[in-house]
Structure formats: C-alpha cells, structure tokens
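Student: Can you read through this structure? Questions will come right after.
The values are calculated or read from the model by the stated rules, or taken from the named source; none is laboratory data. None of these values were measured; they are calculated from a predicted model. Neighbour counts run over all protein chains shown; Cβ positions are idealised from the backbone, glycine included.
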Amino acid sequence: MPSYFLQRHIVCLIGPTLIQMNELCNLYVKQKLGLMKTRKNLVSRVLFISSLVVLSAVAFTSCDKKEDDKQNSNAMFTISGNASSAQVVPPVTGSGTATVTGTYNSGNGQMITTTNWMNLSGAPITGGFYRGAAGVNGSLIGDLWSLGTGLTATGTFSDTTTLTSEQATDLKNGNLYYSLATATNPNGEVRGQLTATPQ
C-alpha cells in the first residue's frame, strides 16, 4: 500500500512537470523557428534593398557618364599662343613676334583662329599649323595658309582648320604649334605652341 501510494504520488508530481517541459520545448521550438523566419525575412529584405541601391547607383553613373560624354563631345576651348624667333628650331635672330587667338569646337573639330604678327624682317610668305612638341620640328596640318598679297612686317590673318581626333588630342596636350616664314627666314621666323583652355 505505501509503495503503491508512493508510486502514484511520484507520477502525480512528475506527470505535470513532464507535460510542462514538453510544452516549454514546443514553445521554444516555435520561438526558434519564428526567430529564424524573422531573420530570414530580414536578410531577404536587406539583400533586396541593397540590390535596389546598387542598380540605382549603376543607372545614375551610366546616365551621368552619357551626359559627360555628350558635354565633352561638344566642349569649346579657347586657343592662344605667343610666337617668337627663339622658339624656332633652330632659333633665328630677330625681334618679330606673333600671337594667336581663337576657339576650338570639339563637336565639329573646327579651330577658328586669328594670327597677329609684328616686327618681322619682312612680310610673311608662308604660315601654318604643325604637329610637334616644343623644341621639335613637326609635320604640317592641312595646307599652308593663303596669306594673300600686300602684306607687311606687321599684319593679321584669320583661318579655319578642321582637326582630326589625333590632332585634337595633340592640341589639348600642347603639341600643336604655328609658324610664320619670311624671305629672310624661309624655314620660319617666329614659332609658338598652341594652348587649348576649356571654356
């Protein structure tokens, strides 16, 4: 009798405890699964938002690059350059000088310039633009200028030259120059490198 009573008492005590433990285990598992689901949803949302941010950045950069390319393809430059006898290769003796002013349009490749010269040994007989770095004799771009007649040791001349893409690159890098020749110095009396400054 005591043994039976004791066994029954133990079952009465342990039974509810086991049921409660089972319920607690089930609750823990549900919470764990819910937490995992919440984390999974959170990770999915973060990845989705990150993807949107990356795609937006790529689209913005692409549009920005296209706009930059468009602006660069139509960019205007101010052309300038001072010429002297000391820049001729080899240098010559003389007090003559010249200046060039103008513009370069990268959209159509046109370089429009006005050259003014002063105190040459005589009227210029030829002139033109050349490819070449400072201190180096280069090659003629296009044709020699048609200076006309009735010129003197001081004067002016305007010209329009269409540059190729390579010549335009040389212009922007300071590797184009102009030269004026006279009867006294048929290989060039004054020379000056061109500078192209973005407007």
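Student: Can you name every residue in region 175-193 that is within 27 Å of the chain's Cα centre (by Cα) and buried (at least 24 other Cβ atoms within 10 Å of the Cβ)?
Tutor: Across region 175-193, the qualifying residues are L176, Y177.
Student: Are there any pairs with C-beta distances below 7 angstrom linking a residue in region 161-188 that is over 15 Å from S139 (Cα atoms) and part of a loop (DSSP other than H, G, I, E, B) to a residue that is at pLDDT 95 or above and acidic (D, E), with the two at least 6 apart or on different chains, and if so which?
Tutor: Within 7 Å, the pairs are T182/E189.
Student: Another question, if that's okay. Looking only at region 157-174, which residues are more than 25 Å from the chain's Cα centre (by Cα) and surrounded by fewer than 16 Cβ atoms within 10 Å (Cβ to Cβ)?
Tutor: Of everything in region 157-174, those that are more than 25 Å from the chain's Cα centre (by Cα) and surrounded by fewer than 16 Cβ atoms within 10 Å (Cβ to Cβ) turn out to be S158, T160.
Student: Further question: Of all the strands (runs of 3 or more DSSP E) wholly in region 68-156, which have at least 2 residues that are surrounded by fewer than 14 Cβ atoms within 10 Å (Cβ to Cβ) and under 30 Å from the mean Cα position of the chain (by Cα)?
Tutor: In region 68-156, 76-84 are the strands (runs of 3 or more DSSP E) which contain 2 or more residues that are surrounded by fewer than 14 Cβ atoms within 10 Å (Cβ to Cβ) and under 30 Å from the mean Cα position of the chain (by Cα).
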